[in-house]
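Just so it is clear, none of the values below were taken in a lab; they were calculated from the coordinates. This is a predicted model, so every value here is computed, not measured. Don't worry about glycine lacking a Cβ; one is built from the backbone with ideal geometry, like all the others, and counts go over all protein chains shown.
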Amino acid sequence: MCRYEEDAYHHGYQFIAGIDEAGRGPLAGPVVAAAVILPEGIFIEGLNDSKQLSPKKRDLLFDIIKEKAISYGVGIVDRECIDEINILNATRKAMKIAIDQLSPQPDLLLVDAEKIQGTDIRQVNIVKGDTLSISIAAASILAKVTRDRMIDEMDMLYPQYGFSKHKGYGTKDHINAIKKFGLCPIHRISFTKNFAKS
């Protein structure tokens, strides 16, 4: 999982940031992106695509990544912005926010299957990058854990929707709850208008 990073170091890059997002597909909540610069040659046992890991393992790696990273940033774009500018643009905006928080600024971006607008930093776009790059895998974990914790807080405010179980994704139970109770303030109107309670 280090071959992209090793190739970049070989070509003279120093600060390589992995970027990934969580929450592009759900019906509710924000989209969250993370950017992570790891030290050269680092090994973090168990680091993999966040979707392949248990919540307990993600929580453990979340703390290790933050402790060992040279720098990391997290960008959060709320559902109002998602409804206003669409999910693709909201995802790119979250990624740009995360990158802007990095210090030092990276000289290369490894991005999971996305093109980030508004930056002059060189980008390498890697399909399934969270399984091929240690930096992207680290970013996927920071993004996923951050978002899951936010959704768990929302579950306490709106328990009738079961957010802690499905994290806002369009499960049968979630859709049935929307039909029964209507939308709550964190639902994406642009995602739910076809089956929301009228």
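Using only the alpha-carbon atoms, what does the range 137-198 span along each of its principal axes? Please give whole angstrom values in decreasing order.
Principal axes ranked by extent give 41, 22, 19 Å for the Cα atoms.
I need the P(r) histogram for the chain: all alpha carbon pairs, bin width 10 Å from 0 out to the longest distance, whole percents.
10, 36, 32, 16, 5, 1
Report, to the nearest 10°, how far helix 134-157 tilts away from the longest principal axis of the Cα atoms in the chain, using its own Cα long axis and a range of 0 to 90°.
20
Between V77, A113, S103, whose Cα lies farthest towards the positive end of the dipole of the range 52-122 when Lys and Arg beta carbons carry +1 and Asp and Glu beta carbons carry -1, centred on the Cα centre?
Positive-most Cα among the choices belongs to A113.
How about the range 1-76: which chymotrypsin sites (Phe, Trp or Tyr not before Pro) there are in a DSSP loop, with at most 10 other Cβ atoms within 10 Å of their Cβ?
F43
Longest span of the chain, sites excluded, free of GluC sites (Glu not before Pro) in DSSP loop with at most 15 other C-beta atoms within 10 Å? Intermediate results must be reported in sequence, preceding the final value.
Working: sites that count: E40, E45.
The answer is 46-198.
Which percentage, to the nearest 5, of the DSSP beta bridges contained in the chain is antiparallel?
60
List the residues whose amide H sits under 5 Å from the amide H of T171, counting only those 5 or more places along or on another chain, with H placed 1.01 Å from N in the peptide plane.
none
Which of G23, G75, G118 moves the most in a Gaussian network model of the chain with Cα springs under 10 Å?
Maximum fluctuation in the GNM of the chain, among the listed residues, is at G118.
Using a Cα-Cα cut-off of under 30 Å, which lysines could be cross-linked to K57, ignoring same-chain neighbours fewer than 8 residues away?
Candidates past the 8-residue exclusion: K66, K68, K93, K96, K115, K128, K144, K165, K167, K172.
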